[in-house]
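Accompanying notes for the structure given below.
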């Protein structure tokens with residue numbers, strides 16, 4: 001674990017921190033009063049239990065998990081969920097509760113990803129290595145999904161303590177683990193990444209095709225060094241994590257492919 005400079009309880013008043021960068025910083029319980037966060041970029045942050053009063057939120061974009069988010073006395077999380085499901089009715093099927101629901105969800109995801117992959121193949125492969133707003137490139141996104149399937153299905157459900165491929169890619173803020181590959185700057189071909197992708201998709205498909213109610217009600221454990229390292233974790237939640245990763249990252253990929261196409265039109 002990294003060593004931290006202990007500034008707990010410090011006070012900053014009349015300080016100009018324009019353009020400052022905060023990385024791996026704990027602000028738990030911090031108080032912000034009369035601060036200007038205009039233009040701030042916040043990624044991989046937790047605001048659990050936060051309270052904001054007298055704030056101005058204008059031209060703000062928020063992307064993340066919302067639960068019990070009260071704005072001016074209204075819990076907006078259910079409203080956002082309902083609107084997202086209205087826009088894409090298939091979204092409501094990505095949090096199933098029974099074996100048939102999981103099988104249907106996986107069929108939906110594979111079909112949608114095939115459409116997205118067809119779109120990606122229509123552009124030069126070099127474009128698929130490009131980042132938009134410092135997010136993952138298309139190929140990096142596929143590598144991360146390979147990692148997620150290996151972690152939650154290969155390791156947690158199937159019990160393989162080291163299911164990794166050298167091209168697997170953990171999330172950027174992961175602490176790092178011995179024996180788990182993590183080469184963000186690798187530039188493999190799309191076909192090389194897809195070879196792993198198809199194996200991982202088949203692995204998940206085999207699990208959901210044979211899924212039973214008893215399995216969904218069970219718990220799984222993996223205590224060997226590495227990640228995830230959990231005891232008594234929900235089998236159902238392992239699969240739901242994979243479904244959510246597949247759904248959300250496809251949306252990100254579609255968004256970025258659109259941005260790259262618009263940029264190419266201007267060039």
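Would you point out which residue out of 232, 226 is surrounded by 14 or more Cβ atoms within 10 Å (Cβ to Cβ) and on the phi > 0 side of the Ramachandran plot? Show your work before the answer.
Values: 232 fails: surrounded by 14 or more Cβ atoms within 10 Å (Cβ to Cβ).
Criteria check complete, one pass: 226.
Limited to the range 154-169, what total is found for residues that are more than 16 Å from residue 142 (Cα to Cα) and in contact (Cβ under 8 Å) with a residue 24 or more places away in the chain? Qualifying residue count for the region: 8.
For the range 251-263, does any single residue satisfy the condition of being over 16 Å from residue 116 (Cα atoms) and either surrounded by 13 or more Cβ atoms within 10 Å (Cβ to Cβ) or at pLDDT below 95 (or both)?
yes
The single condition from (1) more than 30 Å from residue 89 (Cα to Cα); (2) in contact (Cβ under 8 Å) with a residue 12 or more places away in the chain; (3) touching a helix residue (DSSP H, G or I) at 6+ places or on another chain (Cβ under 7 Å); (4) surrounded by 14 or more Cβ atoms within 10 Å (Cβ to Cβ) that residue 172 fails is (3). Out of 113, 136, one residue alone is closer than 15 Å to residue 193 by Cβ and not in a helix (DSSP H, G or I). It is 136. The residues in the range 57-85 that are more than 22 Å from the chain's Cα centre (by Cα) and not in a loop (DSSP other than H, G, I, E, B) can be counted, and the count is 4.
The values are calculated or read from the model by the stated rules, or taken from the named source; none is laboratory data. Predicted, not measured: the structure shown is a model, and the values here were computed from it. Every residue, glycine among them, receives a Cβ derived from its backbone with ideal geometry; neighbour counts consider all protein chains shown.
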